[in-house]
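This report refers to the structure that appears directly beneath it.
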Amino acid sequence: MTKQGLRIAVIGAGVVGAAIAWHLARRGASVHLFDEGPRPASGVTSRAFGWINFINGSPATRPEDYRLRRDGVEEYRRLATVLPDAVCDIRPGSLVWLETAEETEELIREHQAEGAGVELVDAVTIAKLEPHLRDVPPCAAYSPGDLALSPAALTDAFVKDAQAAGATAHFGETIIAIETSGSKVTGVRTTSGSQSADIVVLAAGVATGRLASALGADIGVESSPAVLLRYSASAPFINRILCGPGLEVRQWHDHSLFVAAAYRDDAEENSPAAVGQRALTKIRKRFAAPDDMHLVEAVVGQRPIFSDGLPRLGFLPDVEGAYVAVGHPGVILAPLMGRLAAEEIVDGMRQHSMLSPRQS
């Protein structure tokens, strides 16, 4: 059997699993993609903000994470040349500012020292770029290479093209067990039957920890909740991704407004709906927004994270054929993780050592 003839089961049709399935199928592997949801991106991917950036990384305090983010953003440029449908609806550019002008200027200097295309813009320029912003900061970091996209649409494009390349997608399928013989995986058993596989890729977000645990591996993945708010609006009033103190917002082509908010606790006053109503009040104060804007959806996404803040990508050391692909920020890194995973699984190549599936 050639490497291109590998039988691979990918568990999880979120953006990371879909990207891996797509890259593997394009390399000639026999791919079966499984998800318990009814469609691609049914889990945390559908609750992601969709901001492709490196400006939220810190080159000084978290250099590994920063390098990954830079590589992740660059990978989207490659993706646009081979799968344009995946990025056809992107909106470019972000404006970021901190509590003080001095902090914002320091942020810009940090990124410029790394050769990043981040620019300092003053209040006059900000007002021109975002004329509906009432509370204009004295300055901001403008990152023109950042992208806003729909994580669900991106995932769907990966799955459709993977299927066109020969992959089979199974939705509404719960994984009952990863089947093994000795210390080697042999396939997966689902609610509808069994599927043989030479390699099983665990890309199921926070559920990856449970799947790995069933194989005797503790990968140390934890859940980090975040709130995503979606509003309906009748007109555009935000042009770019805007991120300031207490603000992380973007508007889509259909005028829908997306806001990322912190999750506090499960108290009633901090429920997603309550957070959404408070955020709406703030948005009305900070922007000249349409009067008919209203909250449509308020959901919590359980992001998979690790104590060191880095994702995991690689074979489990003690289980032959079990491959882990999970971590935050998944949407930013998915195309990169997909390519690197396929190169390792099919071609035997490994590049990013910080993505090893370290066991805790």
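Among the residues of region 324-339, write down those that are within 22 Å of ASP161 (Cα to Cα) and either touching a strand residue (DSSP E or B) at 6+ places or on another chain (Cβ under 6 Å) or open to solvent by 10 Å² or more (accessible area, probe 1.4 Å) (or both). Break it down into steps so the answer makes sense when it comes.
Start the filter on region 324-339 by keeping residues that are within 22 Å of ASP161 (Cα to Cα), which leaves 325-326, 330-339.
Result: ALA325, VAL326, GLY330, VAL331, ILE332, MET337, ARG339.
Would you mind finding the one in ALA116, ALA86 that is touching a residue at least 60 places away in the same chain (Cβ under 8 Å), buried (at least 19 other Cβ atoms within 10 Å of the Cβ) and in contact with a helix residue (DSSP H, G or I) (Cβ under 7 Å, 6 or more places away or on another chain)?
Details: ALA116 fails: in contact with a helix residue (DSSP H, G or I) (Cβ under 7 Å, 6 or more places away or on another chain).
Step by step, each of ALA116, ALA86 is checked, and only ALA86 is touching a residue at least 60 places away in the same chain (Cβ under 8 Å), buried (at least 19 other Cβ atoms within 10 Å of the Cβ) and in contact with a helix residue (DSSP H, G or I) (Cβ under 7 Å, 6 or more places away or on another chain).
Tell me whether region 70-77 contains one or more residues that are in a loop (DSSP other than H, G, I, E, B), surrounded by 18 or more Cβ atoms within 10 Å (Cβ to Cβ) and at pLDDT 95 or above.
Filtering region 70-77 for residues in a loop (DSSP other than H, G, I, E, B) gives none.
No, region 70-77 contains no residue that is in a loop (DSSP other than H, G, I, E, B), surrounded by 18 or more Cβ atoms within 10 Å (Cβ to Cβ) and at pLDDT 95 or above.
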- [ ] For LYS128, state whether it is within 22 Å of GLN251 (Cβ to Cβ), basic (Lys, Arg) and open to solvent by 30 Å² or more (accessible area, probe 1.4 Å).
- [x] yes
Task: One residue from GLY145, GLY187, GLY166 being under 23 Å from ILE332 (Cα atoms) and in contact with a strand residue (DSSP E or B) (Cβ under 8 Å, 6 or more places away or on another chain) - done: GLY145
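One line per residue, one yes/no per condition, for (1) open to solvent by 60 Å² or more (accessible area, probe 1.4 Å); (2) not in a strand (DSSP E or B):
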{"residue": "ASP146", "(1), (2)": "no, no"}
{"residue": "ALA152", "(1), (2)": "no, yes"}
{"residue": "VAL159", "(1), (2)": "no, yes"}
{"residue": "GLY166", "(1), (2)": "no, yes"}
{"residue": "GLU173", "(1), (2)": "no, yes"}
{"residue": "ILE176", "(1), (2)": "yes, no"}
{"residue": "THR180", "(1), (2)": "yes, no"}
{"residue": "THR186", "(1), (2)": "no, no"}
{"residue": "ARG189", "(1), (2)": "yes, no"}
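Looking for something of a type outside the set (S, T, N, Q), farther than 26 Å from ALA140 by Cα and out of contact with any helix residue (DSSP H, G or I) (no Cβ under 6 Å at 6 or more places or on another chain) - is there at least one such residue anywhere in region 236-253? Walk me through it before giving the result.
Kept after step one, since they are of a type outside the set (S, T, N, Q), are these residues of region 236-253: 236-238, 240-250, 252-253.
Then drop every residue that is not farther than 26 Å from ALA140 by Cα, which leaves none.
No: zero hits.
Rundown of residues vs (1) more than 17 Å from the chain's Cα centre (by Cα); (2) open to solvent by 10 Å² or more (accessible area, probe 1.4 Å), yes/no style:
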site	(1), (2)
ALA18	no, no
ALA21	no, no
ALA25	yes, no
PRO38	yes, yes
ALA41	no, no
ASN53	no, no
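Out of VAL275, VAL249, VAL259, which single residue is surrounded by 15 or more Cβ atoms within 10 Å (Cβ to Cβ) and in a helix (DSSP H, G or I)?
Values: VAL249 fails: in a helix (DSSP H, G or I); VAL259 fails: in a helix (DSSP H, G or I).
Going through VAL275, VAL249, VAL259 in turn, just one is surrounded by 15 or more Cβ atoms within 10 Å (Cβ to Cβ) and in a helix (DSSP H, G or I): VAL275.
Which residues, counting only those in region 283-333, are of a type in the set (S, T, N, Q) and over 12 Å from ILE219 (Cα atoms)? Don't jump to the end; show me each part of the working.
Start the filter on region 283-333 by keeping residues that are of a type in the set (S, T, N, Q), which leaves 302, 307.
Within region 283-333, GLN302 is the sole residue that qualifies.
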- [ ] Determine, yes or no, whether ILE52 is of a type outside the set (Gly, Ala, Ser), touching a helix residue (DSSP H, G or I) at 6+ places or on another chain (Cβ under 6 Å) and more than 16 Å from ILE199 (Cβ to Cβ).
- [x] yes
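I'd like to check something: does region 205-228 contain any residue that is touching an Asp or Glu at 6+ places or on another chain (Cβ under 6 Å) and either touching a residue at least 60 places away in the same chain (Cβ under 8 Å) or not in a strand (DSSP E or B) (or both)?
No, the conditions are met nowhere in region 205-228.
The values are calculated or read from the model by the stated rules, or taken from the named source; none is laboratory data. Everything numeric in this text was worked out from a predicted model, so none of it was measured. Cβ atoms come from the backbone with ideal geometry, glycine included; neighbour counts cover every protein chain shown. Remember, those area values only see protein heavy atoms, side chains included, never the ligands or the DNA or RNA. Shrake-Rupley method; radii C 1.70, N 1.55, O 1.52, S 1.80 Å.
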